[in-house]
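Visitor: Here it is: the structure, laid out below.
Any read-out appearing in this document is the output of simple, stated calculations on the displayed coordinates, not a laboratory observation. Source: prediction; values computed, not measured. As a convention, Cβ positions derive from the backbone with ideal geometry for all residues, glycine included, and neighbour counts pool all protein chains shown.
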Amino acid sequence: MPLIKDSLYEFGFGRTDQVVENNVSLLDEAVFSFLYGGLFKVLKSLTLSSILDLEIVFRLFINFSKGLSFYDIHYFTQAPERTLWRRLKYLEEQDVIKRNRGETDKRTIKFQLSKNAYSKLIESIPREDLAITIAKISVSYADKLWMFNVRDPNKIKKTLLNLSRSAVSMNEENFLCQFCFGLAFYYGSNYDLTINHTYKSIQLNKKFAHSRRLFGSSLYQIGEKKRAYLEMDKAYKLYNDDYGRWRTNYEFWRFNYLDGNIEKSQEYIKKLIQAEPQYPQSYIADLITSGSLKKKANKSKKKLQELLPNFSSGMIKNFHSWVTNEQANKFVENLKFHDL
């Protein structure tokens with residue numbers, strides 16, 4: 001399900017959910033996500049002649065084994081032919097790419113990354129910028145989990161943790177890197193470490209609403225409910241985008257529902273559906289709250305089945321592993337009333 005995302009989530013993860021081989025490194029994952037998600041925009045300075053040069057190389061990376069013809073690359077980049085050829089020759093001179101031997105015809109010539117391409121690329125990317133980019137990639141993994149949009153949730157959680165750890169190790173003083181590491185621990189149900197890293201993120205940037213919201217969510221999970229509500233309220237006030245407010249209202253719904261404030265939670269459901277009628281989470285929340293009142297939530301069930309035809313109650317714990325067993329059981333029991 002596509003989302004209308006804010007400045008953090010706009011860099012969506014774009015690869016298909018294919019099995020990643022064991023020998024593929026974290027930076028390889030970053031390269032693939034650069035390709036499809038447009039993440040090269042994050043980079044601020046390069047030793048290559050322009051940011052588009054790097055984009056061309058990343059687009060070549062996806063077809064590393066067979067290479068791409070000049071016109072394939074032209075199709076990918078939409079660059080003027082003369083300019084593109086000049087850039088490719090520059091990359092060839094820099095020993096980043098190589099062409100097929102004996103080929104001179106543009107229609108048949110193919111380019112591949114050279115053996116030294118990887119080290120050249122890494123040298124061209126400022127370490128701090130690369131860390132921020134990898135952090136954004138890790139956040140996009142969590143986003144797919146949030147929207148039930150992966151085949152293997154456990155593999156995605158593991159990759160989320162590895163990427164976020166890599167980002168923090170490269171740029172420990174960046175608020176986004178600290179946030180993504182906290183997010184990885186949150187999906188691993190390690191709330192203490194989530195609190196630790198989101199607190200660090202808040203200290204680095206007190207106006208970063210995502211960290212404040214995650215901080216509040218983790219506090220609730222360890223029983224610090226009063227402070228959790230306060231932190232969530234602070235997060236809501238910091239957001240200036242609809243998606244951020246929607247995510248915060250979802251947490252307010254969850255808090256109130258789990259605390260037995262059914263009327264209050266129903267008020268938040270109205271806000272959720274009204275704000276974002278295409279998000280399945282809004283209808284899942286309505287079905288959970290309605291429980292045995294099946295007729296009351298028939299519209300939500302129908303809409304949920306349109307948005308997520310394969311949804312089942314067991315997916316709650318499998319995808320949203322940050323939900324405690326007690327909370328998950330409560331959600332699942334009420335979803336069973338609706339044959340989900």
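Visitor: Run the simple label-point estimate for residue 89 and residue 312 please: 7 Å along Cα→C-beta, distance reported in nm.
Guide: 6.0 nm
Visitor: Label the stretch 259-340 by shape, choosing from rounded, prolate and oblate, from the square roots a ≥ b ≥ c of the eigenvalues of the Cα gyration tensor; if a/c is under 1.5 it is rounded, and otherwise prolate applies when a/b is larger than b/c, oblate when it is not.
Guide: Rounded, since a/c falls under 1.5.
Visitor: Let me ask something additional. Once amide H atoms are built 1.01 Å from N in the peptide plane, which residues 5 or more positions from residue 100, or in another chain, come under 5 Å H to H?
Guide: Residues meeting the criterion, in which the H sits 1.01 Å from N, are 110.
Visitor: Given a Förster radius of 41 Å and the C-beta distance between residue 199 and residue 298 as r, what FRET efficiency does 1/(1 + (r/R0)^6) yield to the nearest 0.05?
Guide: Efficiency at R0 = 41 Å is approximately 0.40.
Visitor: If you take every residue apart from residue 173 with its C-beta less than 13 Å away from the C-beta of residue 173, what net charge results, scoring Lys and Arg +1 and Asp and Glu -1?
Guide: Surrounding charge for residue 173 is 0.
Visitor: With a 10 Å Cβ neighbour count serving as the proxy for reagent exposure, in which order, fewest first, do 99, 212, 86, 245 appear?
Guide: 86, 99, 245, 212
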